[in-house]
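The values are calculated or read from the model by the stated rules, or taken from the named source; none is laboratory data. Bear in mind that the values here come from a model prediction, so they are computed numbers and not experimental data. Cβ sites come from the backbone with ideal geometry, for glycine too, and all protein chains shown count toward neighbours.
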Amino acid sequence: MLKFYYQMIHSMTGYGKTVLQLPTKKITIELKSLNSKNLDLNVRVPGYYREKELYIRKQLATELVRGKIDFSIYIEDNGGESSSKINEQMVKEYMNQLRNIVDSDEIELLKMAIRLPDSFKSQREELEEQEWKQIENGILETIEKINEYRIDEGKALHADFVLRISIIEILLERIIELDPLRIQQVKEKLRKSIAELETKIDENRFEQELIYYIEKLDITEEKVRLKNHLEYFIKELNEDVSNGKKLAFITQEIGREINTIGSKSNLANMQKLVVQMKDELEKIKEQNLNVL
């Protein structure tokens, strides 16, 4: 029975390997996983186990969910009793046909015939149930190993996300601190520009226009929404089910608010903080590509 791991986020990167020692062969089961938008399965198994490929694919799809998955079974003969015998009837038929084509002695004809298709036949017509049971357990064990690997990688991703979201929150707090200064500078700049025109203005009308202009530059809603998105990201980060696609959607919303703040900032120091926020967000987006 598989162990189910549903705690915090999982990485799509993983590796698992199991070696089985059977009486006549050594079987190596290997699983590799990289990031991918969807499930991309590549299954390589010897022809003898081909009848079980559909089962293997279903098992991998159910347990690994998403990623570029490479699954392989390798067989190493231990030199035990051979599972194949010479197909005498087929070899004799080949030799009879070859006599009509080439002028050669019996030894040479035999050498040629033995290399042709179906010269050997398997003693076993069907896969032995006991052997498959061992391989099946080995496959489940390998899936457990790759899931453990994914969890360990996920812990590292989790720590990195928390750090970068914290940095964005700190930068947001600095922007909030700078905001009153920004508004004051905008007012002073407008008054200075009007004074340079050396023309008389209606103070009431000027105040109304100033209020309208300041409202256009107001980032109160963006600050609130950005803070909410950052909190939402951390909440989803700690959910029981890993959901990289949902985290990607939240990062898009975070980016939208950061961009709007940047377009309204009109203050060099604030714009520098916005650039730093964008840099941290890009690192989050890049890392999130690897989240299951």
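A few notes on this one:
- The set of residues in segment 276-285 being over 11 Å from T251 (Cβ atoms) and without any contact (Cβ under 8 Å) to a residue 12 or more places away in the chain consists of D279 alone.
- Scanning segment 161-170 for residues that are surrounded by fewer than 21 Cβ atoms within 10 Å (Cβ to Cβ) and under 16 Å from E222 (Cα atoms) gives E169, I170.
- Being modelled with pLDDT of 85 or more and assigned to a helix (DSSP H, G or I) holds for only one residue in Y48, Y55, Y94, and it is Y55.
- Condition met for E239 (among the charged types (D, E, K, R) and surrounded by 15 or more Cβ atoms within 10 Å (Cβ to Cβ)): no
- Residues of segment 19-35 that are surrounded by 14 or more Cβ atoms within 10 Å (Cβ to Cβ), assigned to a loop (DSSP other than H, G, I, E, B) and either aromatic (F, W, Y) or out of contact with any Asp or Glu (no Cβ under 7 Å at 6 or more places or on another chain) (or both): N35 alone.
- Of all residues in segment 131-146, none are aliphatic (A, V, I, L, M), in contact (Cβ under 8 Å) with a residue 24 or more places away in the chain and not assigned by TED's automatic domain parsing to the domain that holds I27.
- Qualifying residue in segment 45-52 (condition: within 18 Å of I146 (Cβ to Cβ) and surrounded by fewer than 16 Cβ atoms within 10 Å (Cβ to Cβ)): no
Conditions tested, residue by residue: (1) under 26 Å from the mean Cα position of the chain (by Cα); (2) at pLDDT below 90; (3) closer than 27 Å to K155 by Cα.
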{"residue": "K227", "(1), (2), (3)": "no, no, yes"}
{"residue": "E236", "(1), (2), (3)": "yes, no, yes"}
{"residue": "D240", "(1), (2), (3)": "yes, yes, yes"}
{"residue": "K246", "(1), (2), (3)": "yes, no, yes"}
{"residue": "I254", "(1), (2), (3)": "yes, no, yes"}
{"residue": "I261", "(1), (2), (3)": "no, no, no"}
{"residue": "K264", "(1), (2), (3)": "no, yes, no"}
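- Scan of segment 254-268 for residues that are in a helix (DSSP H, G or I) and surrounded by 16 or more Cβ atoms within 10 Å (Cβ to Cβ), ordered by number: I254, G255, E257, I258, T260, I261, G262, K264
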